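Worksheet: the structure to be examined is printed underneath.
The values are calculated or read from the model by the stated rules, or taken from the named source; none is laboratory data. Remember, it's a predicted structure, so these values are computed and weren't measured experimentally. Backbone-built Cβ (ideal geometry, glycine too); neighbour counts: all protein chains shown. With ligands, DNA and RNA removed, areas are computed over all heavy atoms of the protein, side chains included. Shrake-Rupley method; radii C 1.70, N 1.55, O 1.52, S 1.80 Å.
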Amino acid sequence: MAKAKRALGINLSAVVRDEDLADYLQAAVARNTSLIQSLSDDIVKRIEQTVYTNGIAGNSVTTLRKSLQAQFGITDRRARLIARDQTGKFNSDLNKIRQQQAGVTSYV
């Protein structure tokens, strides 16, 4: 979150809290992480929480990758793939809901 706030002047956790986005984002992260193959359900559930925490904090893909490797023993290649994929999906879901709240009627 500190990096996002420094770079953009935005406190992402405050935006999520103030705009009541936490439940939506948690459900979106759960949906997206459930698509991860060949890991146990327990690991996927723990990755879900790590992705959500990383996204709310405004951390980078690199930070998430390192966290996945340290916490779950995932190979660098797999951790990079998961981190890029999940960070992109998190940002896309966040943009989608914020645009819908702003009145945008179509989102691609």
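Selection of first residues in region 90-103 that are in contact (Cβ under 8 Å) with a residue 60 or more places away in the chain and surrounded by 13 or more Cβ atoms within 10 Å (Cβ to Cβ) and of second residues that are assigned to a helix (DSSP H, G or I) and among the aromatic types (F, W, Y), restricted to Cβ pairs under 6 Å at least 6 apart or on distinct chains, gives the following pairs, ordered by first then second residue: I97/Y24. Quick check: anything in region 45-54 under 13 Å from D85 (Cα atoms) and surrounded by fewer than 18 Cβ atoms within 10 Å (Cβ to Cβ)? Within region 45-54, none of the residues are under 13 Å from D85 (Cα atoms) and surrounded by fewer than 18 Cβ atoms within 10 Å (Cβ to Cβ). Please work out which residue is least open to solvent (accessible area, probe 1.4 Å), limiting yourself to region 62-89 and to residues that are closer than 25 Å to E19 by Cβ and not hydrophobic (A, V, I, L, M, F, W, C). This residue is Q86. The set of residues in region 19-36 being assigned to a helix (DSSP H, G or I) and within 15 Å of Q99 (Cα to Cα) consists of Y24, L25.
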